[in-house]
Amino acid sequence: MSILMHIVLTGCFDFIRRNPYNPLMHSRKEPSLELTQSEKDIILKHFPKGICSFDLEMTGLSPLFDKIIEIAAIKLNPDGEISYFHTLINPLVTIPEYTIKYHGLTNNDLRDCPTLKNPLREFVQFFDNTPLLAHNAKFDISFIVKGIHEYNFPISLSDVYDSCRFARAVYKKAKSPPCNFSLGELAKFYEFDFSHHFALDDAIAALKIFAKALLYLSSQTDEFNLKGMGFLFKLNSFKRAENYILPKNLACLKDVLQKQQKITIKYHGNSSKGHREIKPISLLPLPNGLVLYALCVESNINKYFLTKKIKDIK
């Protein structure tokens, strides 16, 4: 890109940000994807009561500290009709620059948007007891559960599925699998385009990937355990809110996560009791309790560490 072109494009982007009618904000609410009839049919064959695929944009990856700034969902109803949900949210905190480069949302964009309570209530009512789907669903669902606990909303009976987990299982032994199982790479693999990190497009992309993986799997075999391949947990399996409070001896993790620092933890796990060097990624409330998701430096593998088993941090 030439310097002149860079200046022109940057100027256009700044104008969009300043303009009261912001095309970027408008386009976030308009899906660029659609489900084909075959995709609808295969989903309803296995989910006759329908399914709701959703995606969030957040100020960071840890629901204990970070905030939701966008919720979007597509619901395939039992009659084959499609319903959409979309809302932008004012987080009432400063959005970090390092996250803005992904989702493109600034505090100025969101200053007139509602705060989380009412939009979250409307979203909970939107999906009701319908099965939920997301890509890397543990992250998104943790933010939803944190909000449900915070506002004392009822927790539904929804099953939670993960399109990333399902795609990995489907192509585990395939001769020509995707290069990796990120949302963007799977979209390339299935040859469709979408606006990544626009929550509504991400939600639809996750559902299309789930449907296409189902179609592929169905072409290979008539017998498979769908629940064993893509199911994570039931939404109402999350424990009471007090089980997700960060212990005082781990309070430093907030600063560590923001600075992306490596630390050494003394961890009493099933396989070992000793010190491990890790690079923390996120703190997540999950059904088995509050966990620290981190890169284990020794194995170079991302792992989940129960905070109640972390005895010390250096």
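Filter the stretch 260-314 down to the residues that are outside any strand (DSSP E or B), within 29 Å of ILE155 (Cα to Cα) and touching a residue at least 40 places away in the same chain (Cβ under 8 Å) and list them by number.
Matches in the stretch 260-314: PRO287, THR307, LYS308, LYS309.
Looking only at the stretch 39-86, count how many residues are under 19 Å from the mean Cα position of the chain (by Cα), closer than 15 Å to ILE204 by Cβ and without any contact (Cβ under 8 Å) to a residue 60 or more places away in the chain.
Final tally of qualifying residues: 2.
Can you tell me which of LEU88, LEU105 is in contact with a Pro (Cβ under 9 Å, 6 or more places away or on another chain), over 26 Å from VAL291 (Cα atoms) and among the aliphatic types (A, V, I, L, M)?
Values: LEU105 fails: in contact with a Pro (Cβ under 9 Å, 6 or more places away or on another chain).
Step by step, each of LEU88, LEU105 is checked, and only LEU88 is in contact with a Pro (Cβ under 9 Å, 6 or more places away or on another chain), over 26 Å from VAL291 (Cα atoms) and among the aliphatic types (A, V, I, L, M).
If a residue has to be open to solvent by 10 Å² or more (accessible area, probe 1.4 Å), within 19 Å of ILE82 (Cβ to Cβ) and in contact with a Gly (Cβ under 9 Å, 6 or more places away or on another chain) to count, how many in the stretch 105-133 make the cut?
Count: 2.
Tell me, yes or no, whether the stretch 13-36 has at least one residue that is modelled with pLDDT of 95 or more and of a type in the set (Phe, Trp, Tyr).
No, the stretch 13-36 has no match at all.
On the basis of being open to solvent by 60 Å² or more (accessible area, probe 1.4 Å) and either in contact with a Cys (Cβ under 9 Å, 6 or more places away or on another chain) or of a type in the set (D, E, K, R) (or both), does LYS279 make the cut?
yes
Condition first: open to solvent by less than 70 Å² (accessible area, probe 1.4 Å), part of a loop (DSSP other than H, G, I, E, B) and within 13 Å of LYS208 (Cβ to Cβ). Now tell me which residues in the stretch 167-192 satisfy that.
Matches in the stretch 167-192: TYR190, PHE192.
Can you pull out the residues in the stretch 87-109 that are of a type in the set (S, T, N, Q) and free of Cβ contacts under 8 Å to residues at least 60 places away in the same chain?
Listed by number, the residues that qualify are THR87, ASN90, THR94, THR99, ASN107.
Considering the stretch 259-314 alone, what residues qualify as being basic (Lys, Arg) and out of contact with any His (no Cβ under 7 Å at 6 or more places or on another chain)?
Within the stretch 259-314, the first condition is being basic (Lys, Arg), and the residues that meet it are 259, 262, 266, 273, 276, 279, 303, 308-309, 311, 314.
Hits for the stretch 259-314 are LYS259, LYS262, LYS273, ARG276, LYS279, LYS303, LYS308, LYS314.
Please give the number of the condition ASN136 fails out of (1) more than 29 Å from ILE42 (Cα to Cα); (2) open to solvent by 30 Å² or more (accessible area, probe 1.4 Å); (3) within 16 Å of the chain's Cα centre (by Cα).
(1)
Which of the residues that make up the stretch 69-82 are open to solvent by 10 Å² or more (accessible area, probe 1.4 Å), in a strand (DSSP E or B) and in contact with a Leu (Cβ under 8 Å, 6 or more places away or on another chain)?
Matches in the stretch 69-82: ILE82 only.
The values are calculated or read from the model by the stated rules, or taken from the named source; none is laboratory data. Fair warning: this is a prediction, and the values are worked out from it, not measured in the lab. Glycine also receives a Cβ, built like all others from the backbone with ideal geometry; neighbour counts cover every protein chain displayed. Accessible surface is based on the protein model in full, side chains and every heavy atom, while ligands, DNA and RNA are left aside. Shrake-Rupley method; radii C 1.70, N 1.55, O 1.52, S 1.80 Å.
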